[in-house]
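S.K.: So that we are looking at the same thing, I have put the structure below in structure tokens.
The values are calculated or read from the model by the stated rules, or taken from the named source; none is laboratory data. Please read these numbers as outputs of a predicted model, since none were measured by experiment. Cβ sites come from the backbone with ideal geometry, for glycine too, and all protein chains shown count toward neighbours. Accessible surface areas use protein heavy atoms only, side chains included; no ligands, DNA or RNA. Shrake-Rupley method; radii C 1.70, N 1.55, O 1.52, S 1.80 Å.
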Amino acid sequence: MENRDSMWALFQKRGVSRRSFLKTCAVVTGMLGLSPAMLPKVVAAAEKKTLPPVIWLHGHECTGCDEAFIRSQSPLASDVVLNMISLEYSDTLSASAGEAFEHHLKDLMKKYAGQYILAVEGGVPLADNGIHCMTGGRTFLAALKEAAAGAAAIIEYGSCAAWGGIQAARPNPTKSVSVSDVISGKPIVKVPGCPPIPEVMTAVVMHFALFGQLPPLDAQGRPKQFYGNRIHDTCYRRPFFDSGMFVEKFDDAGAKAGWCLYKVGCRGPVAYNSCGNMRWWNGLSYPIQSGAPCFACGSNNFWDNGPFFERLPDIPVPGTIADADKVGMVAAGAALVGVVAHGALSAMQKSKQAKQQDTDVRGPEA
Amino acid sequence: MSEGPVKEYYIYSPWLRIFHWVMAASVGVLFATGLYIGNPFFIGTQGVEPTFAVNKLMSMETIRYIHFAAAYILVAGFILRVYGFAVNRGDRLLPKFWTALYWQGVVEMLKHYLFLSADHRPYLRNSLARSAYLGVYVLLFLEAVTGFAMYFMVDPNGFGAKLFGPVNGLFGGEYTVHLVHHYVAWLLAIFVIVHVYLVIRADFMEREGEASSMFSGVKFFAHKPADIGDIADDSDKQTDYGTRHRQYPAQG
């Protein structure tokens, strides 16, 4: 808790040179997705701003986001936790646990009221008074509301916190919702993904730490610099799409040659994320690079947009497997048959009418 | 068959007619290219590096380009429709839901199409047709909005994305937008089938020049159409409603 220094003060304490400090600032500028012209501002902020305390809560989730975060490469997760922010409370990363730890949380919330960043991982189950997720003997909803009351900003880390998550899939038995569905009146940023790219989380925290405000957000509340572009528009396999060269099956020659995964269900055209340009594990790879279609894990309701390996979803027609094209084709066929039948009936009616008129004019032919 | 002279009634301005055929052509192109974009069903260029295959005929890139160009032509063409609406009385955009005539026409035409009545009063454009065309405009609007929402997000900070990007959030995600775009395309295809049939049927059954009216702008009626108010003030004294008014003797 004594870790309330600025970044520059921290560097000096550890005997790191000014030159290294400036280099770090340059890296941070790039990491935040800022233009190089912003470097002086980043340096100024890193010199003066004290690093904000971070409280990290876990709700209805699998802690996979934690798993991703501790693999943050640039900067290293250990650097983030120890040198760049002061992570004061995280029940999965901390050495301590139990009552003493919960006391620590209480003290923190009192001492840094209105200053700390609240990172929330996991959805909020509302069914049955929220008993489907309990922490420290309380419902997660209660714990979240208490922690959110004194937060300077809230980060919804992962698709569960941002959209409700996998457990919110139809029919959503626990009524799991996003953090912003139950908390309002605070600056909230969504960092969705299942899990999100760890560097993105780090960058969002750093942005708030340095500038005291959230980064620019898109219409859905996600930081623009990381969720602005479609996977499809940043995909290294895009030339194959543009040329009409597609993987038809996972074991065909196209798959081997690394062609476009559009026809095996890739959600790249609807997914907004940074996997295409930042990639994972220090740029090592990402799903599409390993030959798997994108699931759009950062998008709302991605869990209900199945099946993942089909371009179009199934329409629940009993006893069949039908997608939009099949249903459309059948409906259009039925319309064709319908109009032909209607035409035949019309022609019959007309000829009957003509005969009738003939009869009327000429009289019955005896 | 019909007694007495057949009169010529001028209804559609050239603007509406040009728009109609621009729309017909672009919707056809959009549907065909859209089917390929949604499900690339034929194998693209083989044995060429994708960098060069992009420019080949019928590559995804080319087909998408045609799709987007046709979309812009369709949207721009609607200006003609609106202009026709402004300058010509017959080019009405909306059905008159608030009139008794409209609802009578709906009942009458439904009965006629269900073979419950052999005849119906003559109409310049009957109520069901008018309602269907309004439906088409709604569907085309949906297609344009969802299409632009997907199209402009290539440049998420551009003007188009600012205008249409939020549509993606409105539909609960861009995936749903793709689906809506897809379903509505099929609805339009079904409309085209029914529309073409009913036009041919009307020409066949009523011989009022239904099909040719979209080229010439005129229809022919032996009796005064029930919705004559759409092109002229309906009064019994005034029967002359335009310079294009000609009479033809009845065919023996």
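S.K.: May I ask you to list the residues in the range B:3-52 that are farther than 30 Å from B:ALA189 by Cβ and either touching a His at 6+ places or on another chain (Cβ under 8 Å) or of a type in the set (A, V, I, L, M) (or both)?
M.R.: Passing the criteria: B:VAL6, B:LYS7, B:GLU8, B:TYR9, B:TYR10, B:VAL48.
S.K.: Related question: Could you list all residues from the range B:157-177 that are open to solvent by less than 30 Å² (accessible area, probe 1.4 Å), touching an Asp or Glu at 6+ places or on another chain (Cβ under 9 Å) and at the interface with another protein chain (Cβ under 8 Å from one of its Cβ atoms)?
M.R.: Residues satisfying the conditions are B:GLY165, B:ASN168.
S.K.: Something else about it: Within the range A:268-300, count every residue that is modelled with pLDDT under 90 and in a helix (DSSP H, G or I).
M.R.: 0
Yes/no matrix, rows are residues, columns are (1) touching a residue at least 12 places away in the same chain (Cβ under 8 Å); (2) open to solvent by 50 Å² or more (accessible area, probe 1.4 Å):
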{"residue": "A:ASP5", "(1), (2)": "yes, no"}
{"residue": "A:ALA9", "(1), (2)": "no, no"}
{"residue": "A:ARG19", "(1), (2)": "no, yes"}
{"residue": "A:THR29", "(1), (2)": "yes, no"}
{"residue": "A:LEU32", "(1), (2)": "yes, no"}
{"residue": "A:PRO36", "(1), (2)": "no, yes"}
{"residue": "A:PRO40", "(1), (2)": "no, yes"}
{"residue": "A:ALA44", "(1), (2)": "no, no"}
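S.K.: Here is a check on your reading of the model: is B:GLY217 in contact with a strand residue (DSSP E or B) (Cβ under 9 Å, 6 or more places away or on another chain), free of Cβ contacts under 8 Å to residues at least 24 places away in the same chain, crowded, with 17+ Cβ neighbours inside 10 Å and more than 14 Å from chain A (Cβ to nearest Cβ)?
M.R.: Spelling it out, it is not the case that B:GLY217 is in contact with a strand residue (DSSP E or B) (Cβ under 9 Å, 6 or more places away or on another chain), free of Cβ contacts under 8 Å to residues at least 24 places away in the same chain, crowded, with 17+ Cβ neighbours inside 10 Å and more than 14 Å from chain A (Cβ to nearest Cβ).
S.K.: Given the residues A:GLY158, A:GLY98, A:GLY130, which is the only one that is surrounded by fewer than 15 Cβ atoms within 10 Å (Cβ to Cβ) and of a type in the set (Gly, Ala, Ser)?
M.R.: From the options A:GLY158, A:GLY98, A:GLY130, the qualifying one is A:GLY98.
S.K.: Okay, moving on. Grab the helices (runs of 4 or more DSSP H) fully contained in the range A:188-267, keeping just those with 1 or more residues being of a type in the set (Val, Ile, Thr).
M.R.: A:198-211
S.K.: Residues of the range A:21-62 being small (Gly, Ala, Ser) and farther than 30 Å from A:VAL124 by Cα, which ones?
M.R.: A:ALA26, A:GLY30, A:GLY33, A:SER35, A:ALA37, A:ALA44, A:ALA45, A:ALA46
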